[in-house]
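The values are calculated or read from the model by the stated rules, or taken from the named source; none is laboratory data. Not measured: the values here are computed from a predicted model. Positions of Cβ are backbone-derived with ideal geometry, glycine not excepted, and every protein chain shown enters the neighbour counts. Ligands, DNA and RNA are stripped out before the accessible areas are found, and what is left, the full protein with its side chains, is counted by its heavy atoms. Shrake-Rupley method; radii C 1.70, N 1.55, O 1.52, S 1.80 Å.
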Amino acid sequence: MNVLGTDVSDESFDGNESGTTVTLDAGSYVVSEDYVEGYTVGFSDDCQGSIANGEEKTCTITNTRNLGEIIIKKIIDEDGNLETTEDQTLGEGWEMDVDGISGDVDDPIYGNGEYKTGKIKTGTYYASETQQAGYDFVSVICSDESSIDNIVLDNDEVITCTFFNTPNGTIHGYKWNDLDGEGDEDLNEDKLCN
């Protein structure tokens, strides 16, 4: 805490919940505090102004933790082409995770295609998914254009990161000797070895 005024008894001191009393000469004054990252500060009316001889004023400084929200979406894109959306569905039952410097968030996340962290502390986070057999990773897009290993969440911000996967598969088939050339397999046309 810092007090700027005339002949202040203690110009700089640690703040505390029970308060600290300082004395100063009559005149104008300002009470402030050093910036603390991740918090929004609020000052009561008596944190600045003028004070007369013998007058008492109480300055209350309130620090409110800054919060934001991260939304993780899981989309299955049947053709793996993100430009076509009619084949996209929410991916259910995937294991997703959001961790960060600012603290761990519900570890792990099993969602129905969308998970909201709720209000969490601002700071740097990363998101990940546990890959499932039968699917290939296509892309991940975050609404603030951040990468999933450096999601910087600001106060009152909502960031949505969408993970896209596509089913992988195998093609099964065989060759046959098309004796009559019409393109359909007939009973008398033998299968060929690969």
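Being touching a residue at least 12 places away in the same chain (Cβ under 8 Å), closer than 29 Å to ASN155 by Cα and in a loop (DSSP other than H, G, I, E, B) is a property that VAL36 has. Looking across segment 144-162, the residues that are more than 24 Å from THR40 (Cα to Cα) and open to solvent by 40 Å² or more (accessible area, probe 1.4 Å) come down to GLU145, SER147, ILE148, ASP149. Put simply, of GLY27, GLY49 the only residue that is farther than 30 Å from THR122 by Cβ, open to solvent by less than 80 Å² (accessible area, probe 1.4 Å) and within 41 Å of the chain's Cα centre (by Cα) is GLY49. If you go through segment 122-134 one residue at a time, do you hit one that is in a strand (DSSP E or B), in contact (Cβ under 8 Å) with a residue 40 or more places away in the chain and over 29 Å from ASP79 (Cβ atoms)? Checked segment 122-134: at least one residue is in a strand (DSSP E or B), in contact (Cβ under 8 Å) with a residue 40 or more places away in the chain and over 29 Å from ASP79 (Cβ atoms). Return the residue satisfying two criteria in turn: it lies in segment 90-119 and is open to solvent by 20 Å² or more (accessible area, probe 1.4 Å) and hydrophobic (A, V, I, L, M, F, W, C), and of such residues it is modelled with the highest pLDDT. Among those residues, the one meeting the criterion is LEU90. Of these, THR20, THR40, THR85, which one is open to solvent by 70 Å² or more (accessible area, probe 1.4 Å) and of a type in the set (Ser, Thr, Tyr)? Just one listed residue meets the conditions, THR85. Considered as a group, the residues in segment 52-68 that are open to solvent by less than 60 Å² (accessible area, probe 1.4 Å) and outside any strand (DSSP E or B) include one that is farthest from ASP14 (Cα to Cα), and that residue is ALA52.
I'd like to know if segment 69-79 contains one or more residues that are in a strand (DSSP E or B), farther than 22 Å from VAL158 by Cβ and open to solvent by 30 Å² or more (accessible area, probe 1.4 Å). No, the conditions are met nowhere in segment 69-79.
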